[in-house]
Amino acid sequence: MNIAVIGAGLMGRAAVYDLSRIESVKKVGVFDIDEPLARKIADAYGNNIAEAGCLDAGDEPAVAERLAQYDAAVSCVTYKYNPGLTRAAIAAECHLVDLGGNNDVVQTQLHMNDEAEQAGIIVIPDCGLAPGMVAVMVSDGVSRFDHVRSLKIRVGGLPQSPRPPLNYQMVFSAEGLLNEYWEPCVILEDGKKKIVNPMTGVESLEFDGVGPLEAFYTSGGTSTLPDTYEGKIDFLDYKTIRYPGHCQLFKPMLEIGLASRQEIEVEGQKVRPRAVLRAVLDKNLTLNDLDMVLVRLTLEGEKDGKDKTVVYEIVDRQDTKTGLTAMMRTTSFPAAIIAWMAADGQITERGCKPQEEVVPPSLFLPQLKKRRINLVIKES
């Protein structure tokens, strides 16, 4: 089978690395608007089966022409391109997964379900980390209960050795981080959807070998889960994990307007505060220190008339041999796995659908272990 990767940034190169090492994948396409970068990534990560080319992700006809040569594709570009890429994949009759990150964009894609069904393909948005593989874990977890009272999702990407004052480094795009900290958050309470403010609900937690941490509400992590499980799960929420004190330090910057897209005049120049903050974060928090990703899902409910708890936990640290960060591994590998599963016929549904509805956990979760993403499941 042949699988394309659109976007040769950090996440794209990890997807290329993974796909090019799957035995049944014969060719991996690496496409970016920066053709020299695409060729560099194909040579460095493509295991001698990658080809590279120039591609503007916003040029739908050009994307469709490229994707017609592939069985599946992974979008590793910013989410604004994903509706157009979905249309291009439908035209090319090529399965598509993406890293998502914006609920409105995902809804736009899901509205193309009928067209994707008619094209005989599956399009699955939000296939990264969170939103992403946690949704498949949720699907697996829910199947272990007769009724789930509570589902708490806690996820974070952190430096292994935090540096003050924010004890954080950029492990993905600054724009994505600001979206998480700025946009409203959707949870389930009493089985119904509810909006809560980001950077609220701060709680303390710990992971073995890591120590004290905090978690607070951020946007996007639940993706389609509140829609899928409304009326089926009593309480569902998502919080991002950080080192203690991060929220208290970062939140005031947003409250005074530094995440605003509205232009203001500074020394005779029109500037967007958000663009300035994004640039400052990229410049001063791109530290390239070793990172780690923490995941914990806690489900509580009933099975056969008895109380039951299931906990899913991942602690993934940067792979120093390959140079792939933990965030690259835990974001791109799940998307690559799902694209491969689609091309291999392991995902049989067609249309544009959430992964918790169409990705079989029994086939997906063992693939994490093969990639040394060690998922521990505890039942009590």
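The values are calculated or read from the model by the stated rules, or taken from the named source; none is laboratory data. The shown structure was predicted, so the numbers you read here are calculated from the model rather than taken from an experiment. Using ideal geometry, Cβ is built from the backbone for each residue, glycine included, and neighbour counts are taken over all protein chains shown.
For Ser260, are the conditions met, namely being modelled with pLDDT under 95 and surrounded by 20 or more Cβ atoms within 10 Å (Cβ to Cβ)?
Values: modelled with pLDDT under 95: yes; surrounded by 20 or more Cβ atoms within 10 Å (Cβ to Cβ): no.
Considered against the rule, which asks whether it is modelled with pLDDT under 95 and surrounded by 20 or more Cβ atoms within 10 Å (Cβ to Cβ), Ser260 comes out as no.
Residues of the range 311-349 that are without any contact (Cβ under 8 Å) to a residue 40 or more places away in the chain, assigned to a loop (DSSP other than H, G, I, E, B) and either buried (at least 20 other Cβ atoms within 10 Å of the Cβ) or small (Gly, Ala, Ser) (or both): Gly323, Gly345.
Out of Arg66, Arg13, I need the residue that is surrounded by fewer than 24 Cβ atoms within 10 Å (Cβ to Cβ), in contact with a strand residue (DSSP E or B) (Cβ under 9 Å, 6 or more places away or on another chain) and in contact (Cβ under 8 Å) with a residue 40 or more places away in the chain. Which one?
When all the criteria are applied, what remains is Arg66.
Mind listing just one residue for me: the one in the range 82-95 that is touching a strand residue (DSSP E or B) at 6+ places or on another chain (Cβ under 7 Å) and without any contact (Cβ under 8 Å) to a residue 60 or more places away in the chain and, of those, farthest from Ala8 (Cα to Cα)? By that ranking, first place goes to Ala89. Glu302 meets the conditions (1) in contact with a Lys or Arg (Cβ under 7 Å, 6 or more places away or on another chain); (2) surrounded by 15 or more Cβ atoms within 10 Å (Cβ to Cβ) in every case but one. The failed one is (2). Examine the range 111-118 for a residue that is in contact with a Phe, Trp or Tyr (Cβ under 8 Å, 6 or more places away or on another chain) and surrounded by fewer than 23 Cβ atoms within 10 Å (Cβ to Cβ), and state whether such a residue exists. Among the residues of the range 111-118, not one is in contact with a Phe, Trp or Tyr (Cβ under 8 Å, 6 or more places away or on another chain) and surrounded by fewer than 23 Cβ atoms within 10 Å (Cβ to Cβ), which makes the answer no.
At least 1 residues being at pLDDT below 95, in the same structural domain as Thr331 (by TED's automatic domain parsing) and within 27 Å of Ser223 (Cβ to Cβ) is the threshold, and among the helices (runs of 4 or more DSSP H) wholly inside the range 1-93 those reaching it are 10-19. Checking Ala130 against (1) under 19 Å from Met11 (Cα atoms); (2) modelled with pLDDT of 95 or more, which test does it fail? Ala130 satisfies all of (1) under 19 Å from Met11 (Cα atoms); (2) modelled with pLDDT of 95 or more except (2).
Residues in the range 258-309 that are closer than 20 Å to Asn179 by Cα and not hydrophobic (A, V, I, L, M, F, W, C): 12 in all. Of all the listed residues (Ile122, Ile49), the sole one being farther than 25 Å from Thr348 by Cβ and among the β-branched types (Val, Ile, Thr) is Ile49. Kindly establish whether Asp126 is farther than 24 Å from Glu51 by Cα, in contact with a helix residue (DSSP H, G or I) (Cβ under 8 Å, 6 or more places away or on another chain) and in a helix (DSSP H, G or I). So Asp126 does not fit the description; no. Considering only residues that are of a type in the set (A, V, I, L, M, F, W, C) and farther than 29 Å from Thr320 by Cβ, look in the range 160-195 and name the one that is surrounded by the fewest Cβ atoms within 10 Å (Cβ to Cβ). In this case the residue turns out to be Ile195.
Residues in the range 219-245 that are at pLDDT below 95 and within 16 Å of Leu178 (Cα to Cα): Ser219, Gly220, Gly221. Within the range 271-310, if we keep just the residues that are within 20 Å of the chain's Cα centre (by Cα) and part of a strand (DSSP E or B), the residue that is farthest from Ser139 (Cα to Cα) turns out to be Asp291.
When residues of the range 37-46 are filtered for being surrounded by fewer than 16 Cβ atoms within 10 Å (Cβ to Cβ) and either more than 15 Å from Ala14 (Cβ to Cβ) or touching a strand residue (DSSP E or B) at 6+ places or on another chain (Cβ under 8 Å) (or both), how many remain?
Going through the range 37-46, the residues surrounded by fewer than 16 Cβ atoms within 10 Å (Cβ to Cβ) turn out to be 43-44.
Now drop any that are not either more than 15 Å from Ala14 (Cβ to Cβ) or touching a strand residue (DSSP E or B) at 6+ places or on another chain (Cβ under 8 Å) (or both), which leaves 43.
Of the residues in the range 37-46, 1 are surrounded by fewer than 16 Cβ atoms within 10 Å (Cβ to Cβ) and either more than 15 Å from Ala14 (Cβ to Cβ) or touching a strand residue (DSSP E or B) at 6+ places or on another chain (Cβ under 8 Å) (or both).
For the range 133-159, how many residues meet the condition of being small (Gly, Ala, Ser) and surrounded by fewer than 20 Cβ atoms within 10 Å (Cβ to Cβ)? Step through it out loud before you land on a result.
In the first step, residues of the range 133-159 are kept if they are small (Gly, Ala, Ser); the result is 135, 139, 141, 143, 150, 156-157.
Those left that are additionally surrounded by fewer than 20 Cβ atoms within 10 Å (Cβ to Cβ): 143, 150.
Looking only at that region, the number is 2.
Can you spot a residue in the range 196-215 that is closer than 20 Å to Met327 by Cβ, part of a strand (DSSP E or B) and under 20 Å from the mean Cα position of the chain (by Cα)? Checking the range 196-215: at least one residue is closer than 20 Å to Met327 by Cβ, part of a strand (DSSP E or B) and under 20 Å from the mean Cα position of the chain (by Cα).
None of Ala339, Ala279 is in the same structural domain as Pro164 (by TED's automatic domain parsing) and among the small types (Gly, Ala, Ser) except Ala279.
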